[in-house]
Amino acid sequence: MPAGLDEKLEPVYQHVLRRNPGETEFHQAVREVLESLGPVLVKYPEFAEQKIIERICEPERQIIFRVPWQDDRGQVQINRAFRVEFNSALGPYKGGMRFHPSVYLGIIKFLGFEQIFKNALTGLPIGGGKGGSDFDPKGKSDSEIMRFCQSLMTELYRHIGEYTDVPAGDIGVGQREIGYLFGQYKRITNRYESGVFTGKGLDWGGSCARTEATGYGTIFFVQEMLKARGQSLDGKTCVVSGSGNVAVYAIEKAMALGARVIACSDSDGVIVDQDGIDLDLLKQIKEVERRRISAYAQERPGVSYLEDGNIWTVPCDVALPCATQNELTGKDAETLVKQGCIAVAEGANMPTTPEGIRFFLEAGIAYGPGKAVNAGGVATSALEMQQNASRDSWSFEYTEQRLREIMINIHRTCYETSAEFGVPGNYVVGANIAGFVKAARAMVALGLI
Ligand code: NDP
């Protein structure tokens, strides 16, 4: 059963359900935020008067378009793409593009909605947006990926810009795709507008540490959560779901801080390596060869591969969901806690179901929600925009230090806000309220727009 909503907020949520039928992930993301906001309306009655919550649940602009392209056999293929420009009270819309067959409007709206509060938490001047397509990059040749990206950008270019809307990567969109998208934008507009895209390659306007940022930032947040409980990552056993960009760099930083990471996964299965994951091998398989995670078990003796396995059955101290939404259920939460897990931090967006979240909070373990934990990615994207605007390029060490400070600040803000609202250590409440209040204040200040 879902937790109750404040009586002023229940009708708002019912209205969202009616206006956005079938968009279950969006409903889930809205409800999770609204459940935290009851006390905020008592403290800030002007937000209710100005209908800020109703306004923030309605995207400023939604773009849906056809992407026709030709595959290597010369066949015409049609995909659908989206860009949801959710809220620009704090800065240009900012959020990644996702390429995955499961993408539809409800997924992009949930991600765009979360992005408003996450971006506000970074303290940097960025609004919230998200985009993507139901295109499946798996098994496609480089030429097919390029043709698809060029076709998508041939429509998207008119909606984005360094002061308007600044996309980046997400599931299925890494540096290769960003290169093709940015290249087509440059070609159509005849402008080398570096700040229109983040996650670029280091040779063409990218920032050091952006590739690592979401994974590293996740681990910096874990460090802070553990520190607040008098513990550290040193010697802890971790499991990390996924084996994409966020997972790989979460594993790298966790290991650098003395943790033993023993399991990761992809959508086909799970590998368990009790000796600790061999990061070079993992990167070779996932980043260079783009193979499945099962290849890791083939290459390394003694590693078990669980086809269709559930990674949350692997006992650990720290669990890091870094793959996709709703990948960790109430039952998984119960299993993790029963087997001794003391901390969960979401590298992915909304990976834990509402039942799972409730279980973690009631069990009193350290639980960090995605909008706080994985904010290091977008924060470093904003640092990339800063470097582009000043035609500058910072060192890896300096950029990583800025990221670390931002994550420490986000943790502090969430913790202090949770304490202010009477639930110290509840990072869900802390992140939702702190992110919301910042965006809401700006919306009030900017008038009815
Ligand atoms: P990648 O595409 O690099 O990797 C995604 C990983 O998750 C892959 O291992 C993939 O396995 C797995 N995965 C994806 N979809 C599913 C699914 N439906 N079921 C099971 N496994 C799945 O993406 P990222 O690492 O960039 O993103 C991972 C998560 O982190 C997402 O939730 C994203 O929104 C979030 N995030 C990413 C940021 C970034 O900077 N990249 C910033 C903030 C959040 P397979 O290859 O089999 O599909």
Self-check item: For the stretch 83-152 and the stretch 306-350, distance of Cα centres in Å
Solution: 25
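Taking N as the number of residues in the stretch 212-372, what value does Rg over Cα atoms divided by 2.2 N^0.38 Å take? Could the numbers behind the result be given before it?
Numbers: Rg = 14.3 Å, N = 161, 2.2 N^0.38 = 15.2 Å.
Dividing the Cα radius of gyration by 2.2 N^0.38 Å gives 0.94.
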Quiz prompt | Per-residue HN-Hα couplings for the stretch 438-449 [Karplus 6.51, -1.76, 1.60; θ = phi - 60°; Hz; x = Gly/Pro] | solution = 5, 5, 5, 4, 5, 4, 4, 5, 7, x, 7, 10
Quiz prompt | Amide N proximity, the stretch 144-178 versus Phe65 label position 7 Å along Cα-to-Cβ, cut-off under 13 Å | solution = 149-161
Exercise. Give the distance, in whole Å, between the Cα centre of the stretch 196-227 and the Cα centre of the stretch 1-55.
Key: 31
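With a 1.4 Å probe and all protein chains left in place, how much accessible area per residue does the stretch 21-149 have, in Å²?
Details: 4660 Å² over 129 residues.
Per residue, the stretch 21-149 has 36 Å² of solvent-accessible surface.
So which trypsin sites (Lys or Arg not before Pro) in the stretch 1-97 are both in a DSSP loop and have at most 10 other Cβ atoms within 10 Å of their Cβ? Can you show the working numbers first?
On the way: sites: Lys8, Arg18, Arg19, Arg31, Lys43, Lys51, Arg55, Arg61, Arg66, Arg73, Arg80, Arg83, Lys94; in loops: Lys8, Lys51, Arg73.
Those satisfying the criteria are Arg73.
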Quiz item: So for the stretch 61-193: antiparallel DSSP bridges make up what percent, rounded to the nearest 5?
Solution: 65
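Under a Cβ-only charge scheme (Lys and Arg +1, Asp and Glu -1), can you give me the dipole magnitude of the chain about the Cα centre, in debye to the nearest 20?
Details: 48 positive and 56 negative charges, 193 e Å.
Charge dipole, the chain, about its Cα centre: 920 debye, nearest 20.
Restricting everything to alpha-carbon atoms, can you work out Rg to Rh for the stretch 61-193 with a Kirkwood hydrodynamic radius? Before the final figure, lay out the partial values.
Numbers: Rg = 14.3 Å, Rh = 14.8 Å.
My calculation puts Rg/Rh at 0.97.
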Self-check item: Sequence-separation-based contact order of the stretch 193-350, relative, with Cα cut under 8 Å and 6+ spacing, percent
Solution: 22
Quiz item: Leaving out same-chain residues fewer than 8 places away, which lysines sit with a Cα under 25 Å from that of Lys43?
Solution: Lys8, Lys51, Lys118, Lys371, Lys438
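Share of the stretch 61-193's accessible area from carbon and sulfur, percent, 1.4 Å? List each step's numbers first, then the result.
Details: 2290 of 5010 Å².
Summing carbon and sulfur atoms, their accessible area is 46 percent of the total for the stretch 61-193.
Over the stretch 160-239, what is the relative contact order in percent, taking alpha-carbon pairs closer than 8 angstrom and at least six residues apart?
26
Percent relative contact order of the chain, based on C-alpha pairs within less than 8 angstrom and at least six residues apart?
Details: 905 pairs, mean separation 68.6, N = 449.
The normalised contact order for the chain reaches 15 percent.
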Exercise. Kindly provide the Kirkwood hydrodynamic radius of the chain in Å, to one decimal, from all pairs of distinct alpha carbon atoms.
Key: 22.0
Quiz prompt | Excluding exposed DSSP-loop GluC sites (Glu not before Pro) (at most 15 other C-beta within 10 Å), longest clean stretch of the chain | solution = 8-288
Practice problem: Run the 1.4 Å probe and let me know the accessible area of Thr154, rounded to the nearest 10 Å². | Solution: 60
Exercise. Search the structure for amide H atoms under 5 Å from the amide H of Gly368, placed 1.01 Å from N in the peptide plane, and list their residues when 5 or more places away or on another chain.
Key: Val344, Ala345, Glu346
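Give the dimensionless ratio obtained when the Cα radius of gyration of the stretch 129-170 is divided by 2.2 N^0.38 Å.
The value comes to 1.27.
The values are calculated or read from the model by the stated rules, or taken from the named source; none is laboratory data. All of these numbers come straight from a predicted model, not from anything done at the bench. Positions of Cβ are generated from backbone atoms using ideal geometry, with glycine treated the same way; all protein chains shown enter the neighbour counts. With ligands, DNA and RNA removed, areas are computed over all heavy atoms of the protein, side chains included. Shrake-Rupley method; radii C 1.70, N 1.55, O 1.52, S 1.80 Å.
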